[in-house]
Amino acid sequence: MTVTVNGLDELKSLAGSELGTSDWIDITQDRINGFADATDDHQWIHTDPGRAAAGPFGAPIAHGYLTLSLFIPLFTGLLDVQGVTTKVNYGLNKVRFPAPVPVGSRIRLVARLAEVDVVAGGLQITVDGTVEIEGGTKPAAVLQSLSRFYA
């Protein structure tokens, strides 16, 4: 379920709150291949199903940075900030990839709005996120993301 806030004051009031769990996103070979094309990262562990089947994970796996890039659509399904002029990704404090994401998996985000800080003209939020793999015992990614919202 999406949390919707209108303006910076409402966003500020969410500091420390759980944002919930996103919908699932499918990790298909087509998605992996598209990411490989966009980034020029065609390592066989991602793009060669035959060779990857004999590799350490038994199937192709998503690029770690593909999993990370899906944070944005997963996150926007959890928090909708309206009444602002600009929303920007400001960066990351930390990221880890504890488990590979095999082709055919589904992932989702569990997120918490850890901090809300005032910056010139707006607010910066720090989100603690865990990207889960359906049926997995370890997360695909654990991260702390920074975004800025301007009035």
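The values are calculated or read from the model by the stated rules, or taken from the named source; none is laboratory data. The model shown is predicted, which means the values in this text are computed figures rather than measured ones. All Cβ positions, glycine included, derive from the backbone under ideal geometry; neighbour counts span all protein chains shown. We work out accessible area using only protein heavy atoms, side chains counted, and drop any ligands, DNA or RNA first. Shrake-Rupley method; radii C 1.70, N 1.55, O 1.52, S 1.80 Å.
List of remarks:
- Exactly one residue out of A38, A52, A62 is surrounded by 14 or more Cβ atoms within 10 Å (Cβ to Cβ), farther than 17 Å from E134 by Cα and of a type in the set (G, A, S), and it is A52.
- First in segment 54-78 and without any contact (Cβ under 8 Å) to a residue 12 or more places away in the chain, second anywhere and open to solvent by 20 Å² or more (accessible area, probe 1.4 Å), Cβ under 8 Å, 6 or more apart: G55/W44
- Filter result for T67 (closer than 17 Å to L109 by Cα and out of contact with any His (no Cβ under 9 Å at 6 or more places or on another chain)): yes
- Complete set of residues in segment 1-23 that are of a type in the set (G, A, S) and either under 16 Å from the mean Cα position of the chain (by Cα) or at pLDDT below 95 (or both): G20, S22
- Candidates V81, V131, V116, V110: the one that is open to solvent by less than 50 Å² (accessible area, probe 1.4 Å), out of contact with any helix residue (DSSP H, G or I) (no Cβ under 8 Å at 6 or more places or on another chain) and either among the hydrophobic types (A, V, I, L, M, F, W, C) or at pLDDT 95 or above (or both) is V110.
- Here F75 meets each of (1) in a loop (DSSP other than H, G, I, E, B); (2) open to solvent by less than 50 Å² (accessible area, probe 1.4 Å) with one exception, condition (1).
- Look at (1) on the phi < 0 side of the Ramachandran plot; (2) in contact (Cβ under 8 Å) with a residue 40 or more places away in the chain and you find that T47 fails only one, number (2).
- Under the condition of being outside any strand (DSSP E or B) and either open to solvent by less than 80 Å² (accessible area, probe 1.4 Å) or without any contact (Cβ under 8 Å) to a residue 40 or more places away in the chain (or both), the residues counted in segment 13-35 number 16.
- Considering (1) more than 25 Å from H46 (Cα to Cα); (2) open to solvent by less than 30 Å² (accessible area, probe 1.4 Å), the lone condition that A140 does not fulfil carries the number (1).
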